[in-house]
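Student: Before we start, here is the structure in question, set down as structure tokens.
All of the numbers you see were taken from the coordinates with simple rules; none came from a lab. Computed from a predicted model, the values in this text were never measured in an experiment. Methodologically, a virtual Cβ is constructed for each residue, glycine included, from the backbone with ideal geometry; neighbour enumeration extends over all protein chains shown.
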Amino acid sequence: MQSPRHDTSPQNGAFRAVPRTGVIFVMTEAQKRGYRAGDPEWTNLGQGQPEAGELPGAPPRRGAITIDEADLEYAPVQGIWELREAVASHYNRLYRRGMKSQYSAENVCISSGGRAALTRAAAALGEINLGHFLPDYTAYEELLGVFRLFSPIPILLDPFRGYDFSIRELEREVTGRGLSAVLLSNPCNPTGKVIAGDEMASWVALARRLDCTLLLDEFYSHYVWNEALLGGAPMASAAAHVEDVDRDPVVMFDGLTKNWRYPGWRVAWTVGPRDVIDAVGSAGSFLDGGGSRPLQRAAVDLLSESHVTTETRAIRRAFRQKRDMMLRRLMAMGVHVDREPESTFYIWGDLRNLPPGLNTGMDFFRAALEAQVICVPGEFFDVNPGRRRADIHGRFSTYVRFSFGPSRETLERGLDRLEALVQAASK
């Protein structure tokens, strides 16, 4: 098996070798062994998407859309105005009731998926130091390495502290390393830790005081398993703590992919100060040209209050049950969990106590593939843009990310196979 961090260079010398993200790598390896989407013989515990079908108590799934003739044209690069207004209203309704400063359509930019939103933002950054955390979302690695203006600065979180990071430590990183921006997934993919309530209020206040922009990937913000963590907010978003929507250096990314369970629509948005939205819109004009106009139109009513509330309740009920079941079974196998996930649909498991041959992420991944189960080795989440850091410590080499995004039936089948794998190795 080729190295997960290196792909064969193209035959054409004009092109560089472009590494695959963690999920793409593992899916490619699975396909080499016969995996095809929808194949009942395989169990995909590596998938970065939630089950997209009907859930008990959720609104009916949107199975068809009507396309108006006017929507056969290109969409504006920043998105159709109606959807931008709907997104702004969504944030104001959930997080900013009674606040003087309110988001408007001019604070919103629509893009064709979360990666496109993040790429636009990265392309619009200046010559700055940008902090990012370890572990974090695998796709950040190439994103942070391909743009040369800013310098990515890693910040290592400690598994023994459950990946906690105090406001004092944040201030030290910002001031000591001269950070002008910090990028993080919150809730965190892969650990499931969430920053919310008073803790997030202090992060936003620090960003405001030090003029350090928070770039917050909030794609899992509705998947919160302990609502007490939210401090009264309905979901986990920094929007609840912004004082002035056009001045506070807070930029948020979200979309239909996870929180609405429409990953195939590729409809996402960026919310932030107007000047930031202008900049990311300009970046979109040369990067991607804008998203699908018909799908943007169809997305407008999905942001209604009743739809969002009903869908979120159904998600929390169904996915919390899957979370508890998977957590219990993995721990019974000997998988250690540094911090039980407070959010997302992932479990970040440490395999070091498993038998030899299964006690590293890559060994476990390879063995699981032979049992037709897919998972993602933890080393992919050691975000290392440009391979600037020597990976001599194997920071997350004993970890695997397990997804409870699929249906419960699928999860139980995969866990049965993993359990048999561990039992066989123990003998």
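Student: For the range 318-390 and the range 28-72, what is the separation of their Cα centres, given in Å?
Tutor: The range 318-390 and the range 28-72 have Cα centres separated by 23 Å.
Student: Please determine, in degrees from 0 to 90 and to the nearest 10, the orientation of helix 22-32 with respect to the longest principal axis defined by the Cα atoms of the chain, where the helix direction is its Cα long axis.
Tutor: It works out to around 50 degrees.
Student: Does the range 90-175 come out rounded, prolate or oblate by the C-alpha gyration tensor, with a ≥ b ≥ c the root eigenvalues, rounded set by a/c under 1.5 and, if not, prolate when a/b is larger than b/c and oblate if not?
Tutor: Here the range 90-175 falls in the oblate category.
Student: Between N353 and S407, how many nm apart are label points set 7 Å from Cα along the C-beta direction?
Tutor: Taking the simple label geometry, N353 and S407 are separated by 3.3 nm.
Student: Check Y346: other-chain or 5+ apart residues with amide H under 5 Å from its amide H, H built from backbone geometry?
Tutor: Residues meeting the criterion, in which the H sits 1.01 Å from N, are F404.
Student: Can I ask one more? Cα to Cα, under 16 Å, and not fewer than 8 places away if on the same chain: which aspartates and glutamates meet these conditions relative to K322?
Tutor: E51, E54, E340, E342, E409, E412, D416
Student: For W81 and A425, calculate 0.36 nm times their separation in residues minus their Cα-Cα distance, and state this gained length in nm to one decimal.
Tutor: 118.1 nm
Student: Can I ask one more? Taking the alpha-carbon distance from K427 and a cut-off under 17 Å, which lysines remain once sequence neighbours fewer than 8 residues away in the same chain are dropped?
Tutor: none
Student: So what's the angle, to the nearest 10 degrees on a 0 to 90 scale, between helix 114-124 and the longest Cα principal axis of the chain?
Tutor: Here the helix axis deviates by roughly 60 degrees.
Student: Principal axis extents for the range 153-209, Cα atoms only, whole Å, descending order, please.
Tutor: Each principal axis gives a Cα extent; for the range 153-209 these are 27, 24, 17 Å.
Student: Okay, moving on. Taking Cα centroids, how far is the range 255-289 from the range 129-180 in Å?
Tutor: If you average the Cα positions of each part, the centres end up 22 Å apart.
Student: At 0.36 nm per residue, minus the direct Cα-Cα distance, what do R168 and K100 gain on full extension? Give it in nm, one decimal, please.
Tutor: In short, 21.5 nm is gained.
Student: OK, next. Taking the Cβ of each residue in R97, R329 as the centre, tally the other Cβ atoms inside 10 Å and list the residues starting with the fewest.
Tutor: R97, R329
Student: Loop sites only, by DSSP: take the chymotrypsin sites (Phe, Trp or Tyr not before Pro) in the chain that have at most 11 other C-beta atoms within 10 Å and name the longest stretch containing none of them.
Tutor: Longest stretch, sites excluded: 75-427.
Student: Let me ask you something else. Ranking L295, L216 by Cβ neighbours within 10 Å, fewest first, what do you get?
Tutor: Ordered by Cβ neighbours within 10 Å, fewest first: L295, L216.
Student: What translational D, rounded to a whole number of µm²/s, comes out for the range 1-146 from Stokes-Einstein when the hydrodynamic radius is the Kirkwood one over Cα pairs, at 10 °C and 1.306 mPa s?
Tutor: For these conditions, the coefficient is 79 µm²/s.
Student: So if each residue of separation counts as 0.36 nm, and I subtract the Cα-Cα distance between R247 and R209, what length gain in nm does that give? Walk me through the numbers on the way to the answer.
Tutor: On the way: separation 38, 0.36 × 38 = 13.68 nm, distance 1.13 nm.
Answer, rounded to one decimal: 12.6 nm.
Student: Once every Cα of the range 69-307 carries one equal point scatterer and solvent is ignored, give the base-10 log of I(q)/I(0) from the Debye formula at q = 0.13 Å⁻¹, two decimals.
Tutor: For the range 69-307, the Cα-only Debye profile gives -0.75.
Student: Work out the charge dipole of the chain with +1 on the Cβ of Lys and Arg and -1 on the Cβ of Asp and Glu about the Cα centre, then indicate which of A123, H241, A371 is farthest towards its positive end.
Tutor: A371
Student: Suppose only helical runs count, i.e. DSSP H with n ≥ 4. What mean residue ellipticity at 222 nm does that imply for the chain under -39500 (n - 2.57) per run, divided by all residues and rounded to the nearest 500 deg cm²/dmol? If you can, show how the numbers build up before the last one.
Tutor: Working: 12 runs with 151 residues, N = 427.
One gets -11000 deg cm²/dmol as the mean residue ellipticity at 222 nm.
Student: With 10 angstrom as the radius, rank H307, H241 by how many other C-beta atoms surround their C-beta, starting from the fewest.
Tutor: In order of increasing Cβ crowding within 10 Å: H307, H241.
Student: Mind computing the radius of gyration and Dmax over the alpha-carbon atoms of the chain? Å is fine for both.
Tutor: Radius of gyration, then largest Cα-Cα span, for the chain: 21.1, 66 Å.
Student: In addition: Expressed as an acute angle from 0 to 90° and rounded to the nearest 10, what is the orientation of the C-alpha long axis of helix 197-210 relative to the principal long axis of the chain?
Tutor: Compared with the principal axis, the helix lies near 60 degrees.
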